[in-house]
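Here's the structure we're looking at; comments come further down.
Derivation of every value follows stated rules applied to the coordinates shown; laboratory data play no part. Please read these numbers as outputs of a predicted model, since none were measured by experiment. Here the Cβ positions follow ideal geometry from the backbone for every residue, glycine too, while neighbour counts run over all protein chains shown.
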Amino acid sequence: MRYGFNEIEKRMKQAIARHQMIADETPIMVGLSGGKDSLALLLALKRFFIISKFKYQLAAGHVSLGFPNDDIGRMRQFCDDLEIPFFWQKTQIGELIFELREETNPCSLCAKMRRGALNALAREHGYKKVALAHHQDDAVATLLLNMFFEGRIGSFNPVTYLDRTGITVIRP
């Protein structure tokens, strides 16, 4: 089922209210991959900021995996158009996973390393919350991976506090 952007915004607002994701003026960094999910989340949070009683700082953070031809120009321009600060961290995650370790199933390790780098980028710039974009397919895939590989029924939580980093991850 496909939804227009108004429906996406409506559902995001409901999730924010239900889970108290934005209940103060804590700065938020959106993990920006350049895909449609993260770009839509950034736009929706910018539009939500305008009507919200909470005047949080909003920024975008991108973690580059270090592959050649990694072009951040369009993401940077999108953020400039929205008047949102754009932070970029270049890493060697791609080289480590694919060339040094030669991982046969790199997805889980790559995702963990990217999230760690994004959280570090957020902390470095004073952002206490990191917003990640997910859609229903991501939730179902996480559920199935947990069932088959960990023997538990569960997906990701809408709000997670990471006590070792002091970062709160929200998934509106």
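Summing Lys, Arg as +1 and Asp, Glu as -1, what charge do residues with Cβ under 15 Å from the Cβ of TYR56 carry, TYR56 excluded?
Neighbourhood net charge equals +4.
Within segment 73-172, which GluC sites (Glu not before Pro) sit in a loop by DSSP and count at most 11 neighbouring Cβ atoms inside 10 Å?
Taking segment 73-172 and a limit of 11 other Cβ atoms within 10 Å, the loop GluC sites (Glu not before Pro) found are GLU83, GLU102.
Report the gain in length on full extension from ASP137 to LYS112: 0.36 nm times residue separation, minus Cα-Cα distance, nm rounded to one decimal.
7.1 nm
Taking every DSSP beta bridge with both residues inside segment 39-172, roughly what % is antiparallel (nearest 5)?
Counting only bridges with both partners in segment 39-172, antiparallel ones make up about 35 percent.
Can you compute the modelled spin-label distance between ASP80 and SER33, with each label point 7 Å from Cα toward Cβ, in nm?
Once both label points are built, they end up 2.6 nm from each other.
How far is it, in nm, from the label point at GLN92 to the one at THR168 when both lie 7 Å from their Cα along the line to the Cβ?
Placing both labels 7 Å along Cα→Cβ, they lie 3.7 nm apart.
At 18 angstrom or more along the helix axis (alpha-carbon based) and mean Kyte-Doolittle of -0.5 or higher, what helices does the chain contain? Whole DSSP H runs only.
Passing helices, by number: 36-51, 107-124.
Please work out the Cα convex hull volume for segment 1-74 and give it in Å³ per residue.
122 Å³
Cα extents of segment 105-172 along the three principal axes, largest first, in whole Å?
37, 25, 21
What does the helix-only formula give at 222 nm for the chain: each DSSP H stretch with n ≥ 4 adding -39500 (n - 2.57), the total divided by the residues, and the result rounded to the nearest 500 deg cm²/dmol?
Computed mean residue ellipticity for the chain: -13000 deg cm²/dmol.
Please find, in a Gaussian network model of the chain (springs between Cα atoms separated by less than 10 Å), the residue of ILE72, ILE51, ILE28 whose mean-square fluctuation is greatest.
ILE51
Using label points projected 7 Å from each Cα along Cα→Cβ, tell me how many nm separate ASN146 and ASN69, to one decimal.
3.8 nm
With a cap of 15 neighbouring Cβ atoms within 10 Å, and only residues DSSP puts in a loop, list the trypsin sites (Lys or Arg not before Pro) found in segment 1-80.
ARG2, LYS53, LYS55
Just round it to a whole percent: the fraction of Cα-Cα distances in the chain exceeding 21 Å.
Counting every Cα pair in the chain, those more than 21 Å apart make up 51 percent.
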